[in-house]
1. Which of the residues spanning region 50-82 are charged (D, E, K, R) and not in a loop (DSSP other than H, G, I, E, B)?
2. Test residue 280 against the criterion of being surrounded by fewer than 20 Cβ atoms within 10 Å (Cβ to Cβ), acidic (Asp, Glu) and within 16 Å of residue 355 (Cβ to Cβ), and give yes or no.
3. Residues being surrounded by 18 or more Cβ atoms within 10 Å (Cβ to Cβ) and either assigned to a loop (DSSP other than H, G, I, E, B) or of a type outside the set (S, T, N, Q) (or both): count how many of those fall in region 235-255.
4. Hey, can you tell me all the residues within region 271-307 that are in a strand (DSSP E or B) and aromatic (Phe, Trp, Tyr)?
5. Out of 214, 182, which single residue is closer than 28 Å to residue 305 by Cβ, outside any loop (DSSP other than H, G, I, E, B) and among the aliphatic types (A, V, I, L, M)?
6. Report every pair of residues separated by at least 6 positions or lying on different chains whose Cβ atoms are under 7 Å apart, first residue within region 257-270 and assigned to a loop (DSSP other than H, G, I, E, B), second of a type in the set (D, E, K, R).
7. Just one of the numbered conditions (1) in contact (Cβ under 8 Å) with a residue 60 or more places away in the chain; (2) surrounded by 15 or more Cβ atoms within 10 Å (Cβ to Cβ); (3) among the small types (Gly, Ala, Ser) is not true of residue 223; which one?
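Any read-out appearing in this document is the output of simple, stated calculations on the displayed coordinates, not a laboratory observation. No experiment lies behind these values; they were computed from the predicted model shown. Cβ placement follows ideal geometry from the backbone for every residue including glycine, while neighbour counts extend to all protein chains displayed.
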Amino acid sequence: MQDSIINRRNFIAATGATALATEVKSAEGDKKDLGSKPIRVGIISASIRGKTQKTNGHTWHFAQGFHPQVNLAAVKKHLSAGPIELFEKYFRNQDIHFARLPFNNTKISAIYDADPASAAAFAEGFPGVEVARSLDELVKNSDAIWLGDASGYGDDHFELLAPCLQAGLPTFCDKPIGETVLGTKKILDFALKNKAPLMSSSLFRHQWGTEEALRMKKSGEFGPLQYVIASQAGGWSLPSWHVYGQHPVWMVMTLCGSGVDAVNMYARENTCRALITYKDRMPGEVWYGRPDMSKFYCHTSASFTKKTYAWTPAIEDHYWLGHHYQISRMADVFLEMVRTRVEPVPHQEILEVTAIIHAAAKSLNEKSRLVNLEEVMG
């Protein structure tokens with residue numbers, strides 16, 4: 001068993017991973033000194049309409065970098081062939097670690113899942129992780145919270161997060177953060193009331209190409225941003241729009257910003273196109289169900305007046321390497337929020353993404369008319 005456990009001490013010795021600071025600011029602005037103790041990240045696995053996600057990739061994959069050890073024998077026991085390969089070739093490969101992984105001075109303290117068997121399987125995969133019998137127990141033993149939801153609708157997120165936010169813990173909430181606009185607003189307002197730093201976004205926000213496009217926009221070297229097309233593979237359906245449509249919508253929001261005026265959407269067969277418009281700037285477009293992107297899952301182009309920059313998640317045409325990068329970056333941004341208590345994503349952007357999803361669905365049901373965001377804001 002010991003041969004199948006990858007130890008952080010050996011990993012860091014081999015890779016020289018950069019250490020993270022351990023001091024974080026409180027909600028009031030004072031500093032809470034965690035000393036030399038690792039930052040304890042508590043994990044929550046959300047459900048899909050009450051059905052557990054037994055091997056939730058947004059906990060197993062997205063949070064793995066927080067823990068010093070992985071039990072590969074348990075990974076092989078509980079996960080399928082694809083995820084096993086990800087752990088062996090990428091997540092815990094000492095030659096592909098971006099000088100950061102696993103993160104220094106962090107650990108997963110406990111896992112909460114409504115299904116104890118699923119929680120026990122996760123704990124087996126990460127030695128030393130406890131199975132929390134309740135959310136209160138999880139909060140008691142955590143410095144920060146990561147809620148992972150691979151394919152759910154967000155209908156259970158507030159109930160799962162309320163004890164964590166009430167305790168003021170820095171919290172990551174997977175998309176869709178709330179199933180409805182009012183549900184999203186409820187979570188945002190509760191976090192603000194309890195001065196709990198909150199982060200929510202799509203993985204697409206953390207791609208290398210997205211970061212580069214934002215650098216280009218900030219520099220002004222290529223002129224103003226004129227148009228964004230965020231496309232995604234996979235067959236479109238209205239139910240899937242509410243879950244996976246979040247990704248390309250988040251891409252438009254990340255590049256163009258909040259302040260959306262209106263949205264329309266047209267769908268045919270397994271493809272949809274949505275136009276996201278602003279009163280004071282050029283629009284962005286979502287193309288969900290793009291047929292030529294199965295290899296890379298998504299593709300984005302950002303057109304400036306002097307240059308069009310286009311990218312996929314891949315690094316040097318290698319999708320899984322790029323996927324590994326965007327996962328590590330999202331986790332790293334979360335840890336920065338834990339340390340500083342500064343939220344990386346504005347609440348207005350989070351709220352508008354949910355509103356865009358619902359405005360587009362309303363448009364589709366009303367002959368693809370432009371639906372003002374205020375119509376669905378509640």
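1. Quick first cut of region 50-82, residues charged (D, E, K, R) only: 51, 54, 76-77.
If the condition is that a residue be charged (D, E, K, R) and not in a loop (DSSP other than H, G, I, E, B), then 51, 76, 77 are the ones that fit.
2. On the way: surrounded by fewer than 20 Cβ atoms within 10 Å (Cβ to Cβ): yes; acidic (Asp, Glu): yes; within 16 Å of residue 355 (Cβ to Cβ): no.
In short, no.
3. Residues of region 235-255 surrounded by 18 or more Cβ atoms within 10 Å (Cβ to Cβ): 236, 241-255.
So of that shortlist, the ones also either assigned to a loop (DSSP other than H, G, I, E, B) or of a type outside the set (S, T, N, Q) (or both) come out as 236, 241-245, 247-253, 255.
Number of matching residues: 14.
4. Of region 271-307, the ones in a strand (DSSP E or B) are 271-278, 284-288, 298-304.
278, 287, 288, 304 - these are the residues of region 271-307 that are in a strand (DSSP E or B) and aromatic (Phe, Trp, Tyr).
5. The match here is 214.
6. 258/349; 258/352; 259/280
7. (2)
Quick grid of which residues meet (1) among the hydroxyl-bearing types (Ser, Thr, Tyr); (2) in contact with a helix residue (DSSP H, G or I) (Cβ under 8 Å, 6 or more places away or on another chain); (3) surrounded by 19 or more Cβ atoms within 10 Å (Cβ to Cβ); (4) without any contact (Cβ under 8 Å) to a residue 24 or more places away in the chain:
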residue: 286; (1), (2), (3), (4): no, yes, yes, no
residue: 313; (1), (2), (3), (4): no, yes, yes, no
residue: 333; (1), (2), (3), (4): no, yes, no, no
residue: 338; (1), (2), (3), (4): no, no, yes, no
residue: 343; (1), (2), (3), (4): no, yes, no, no
residue: 350; (1), (2), (3), (4): no, yes, yes, no
residue: 365; (1), (2), (3), (4): no, no, no, yes
